[in-house]
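**Student:** Here it is: the structure, laid out below.
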Amino acid sequence: MHYGNHKMLSIDDKFLSHVDTKRMNWYLDRDLAVMINDKDFKLTFKSKGDAERGKYYKLELESRCVVCGSDENLTKHHVVPLQYRKYFPIEYKSKSSFDVLCLCANCHNEYELYADKLKSELLAKYNLTNHNKKLIKAKTFHHTLNHHSEHISDDRRGKMVEFLEDYFDTPIEEILLNDDFELEPTTSLFMKNITDYKSFIIMWRKHFIENTAPEFLPQEWEDEINLIFKG
Ligand SMILES: [Zn+2]
């Protein structure tokens with residue numbers, strides 16, 4: 001057994017063990033610990049017997065990049081981006097631990113370029129590209145037509161009416177009567193198109209594997225890969 005020269009204390013200040021600097025930094029880098037003096041540290045999570053211990057051993061096993069195996073500059077990667085997961089029904093949210101992988105900063109940045117591309121493609125698929133820009137434009141035109149109509153030319157007015165009728169697919173008289181726009185986030189609108197959450201999750205897992213060719217995936221992903229590529 002290897003002993004280091006840093007004391008590791010539990011969240012309630014009980015001595016747990018001596019650990020080396022590398023191990024200490026592993027906890028500190030993940031916000032799982034804080035320094036209590038210039039040498040010793042305490043954990044910031046509660047250890048609740050075996051279940052919790054299992055969880056932290058699991059984390060430790062995954063303390064290398066799943067793509068290249070590096071143990072430097074490690075970050076957490078959510079395979080299904082959090083922006084979508086936020087709108088998942090609770091039974092899918094609870095499985096999120098499976099979708100958190102350890103990636104080094106380099107591999108993470110590289111993959112995010114591919115992820116951004118897929119996000120754009122998904123928005124385009126449901127006609128939501130530039131949704132925010134269009135919504136802001138609609139709000140501005142609505143306000144102008146309702147309150148400052150006399151200051152604009154007929155030509156300009158015509159263009160605004162055309163844009164609004166097209167945007168809301170409603171006659172302008174009705175649009176102008178409605179004074180209450182809901183500013184719905186693009187992702188929220190997008191998620192209304194997603195009903196098969198399982199396929200959506202599998203699509204992201206597959207996308208991750210195809211674009212990173214990971215060599216160090218956790219064991220539980222083995223079954224997942226079979227499911228994705230054979231099933
Ligand atoms: Zn890496």
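Each reported figure results from applying straightforward, stated rules to the coordinates on display, with no laboratory input. Here the structure is a predicted model, which is why all the values come from computation and not from measurement. Ideal geometry is used to build each Cβ from the backbone, glycine not excepted, and the neighbour counts take in all protein chains shown.
**Student:** When you take every Cα atom in segment 147-227, what is the radius of gyration, and what is Dmax, the widest Cα pair distance, in Å?
**Tutor:** 23.6, 68
**Student:** Next question. Based solely on its DSSP helices, what 222 nm [θ] is calculated for the chain when runs of n ≥ 4 H residues each add -39,500 (n - 2.57) and the sum is averaged over all residues, nearest 500 deg cm²/dmol? Display every interim value, and only then the final one.
**Tutor:** On the way: 11 runs with 121 residues, N = 231.
Theoretical 222 nm ellipticity from helices: -16000 deg cm²/dmol.
**Student:** I want to check the label-to-label distance for Lys159 and Lys206. Put each point 7 Å from Cα in the C-beta direction and report it in nm to one decimal.
**Tutor:** About 4.4 nm, to one decimal.
**Student:** From the C-alpha gyration tensor of segment 131-188, pull out the three semi-axes of the equivalent ellipsoid (sqrt of 5λ each), sorted largest to smallest, in whole Å. Walk me through the numbers before you get to the answer.
**Tutor:** Values: eigenvalues 80, 26, 24 Å².
Semi-axis lengths for segment 131-188 are 20, 11, 11 Å.
**Student:** Among Thr129, Gln83, Pro214, whose Cα sits farthest toward the positive end of the charge dipole of the chain (+1 at Cβ of Lys/Arg, -1 at Cβ of Asp/Glu, about the Cα centre)?
**Tutor:** Working it through, the farthest residue towards the positive pole turns out to be Pro214.
**Student:** Between the helical axis of 131-147 and the dominant principal axis of the chain, each derived from Cα atoms, what acute angle in degrees is found, rounded to the nearest 10?
**Tutor:** 40
**Student:** Based only on Cα atoms, what Rg/Rh ratio does the chain have, Rh being taken as Kirkwood's radius?
**Tutor:** Radius of gyration over Kirkwood radius for the chain works out to 1.16.
**Student:** Hey, another quick one. Just want the ordering: Ile152, Ile136, from fewest to most Cβ atoms lying within 10 Å of their own Cβ.
**Tutor:** Values: Ile152 14, Ile136 11.
Listing Ile152, Ile136 from fewest to most nearby Cβ atoms yields Ile136, Ile152.
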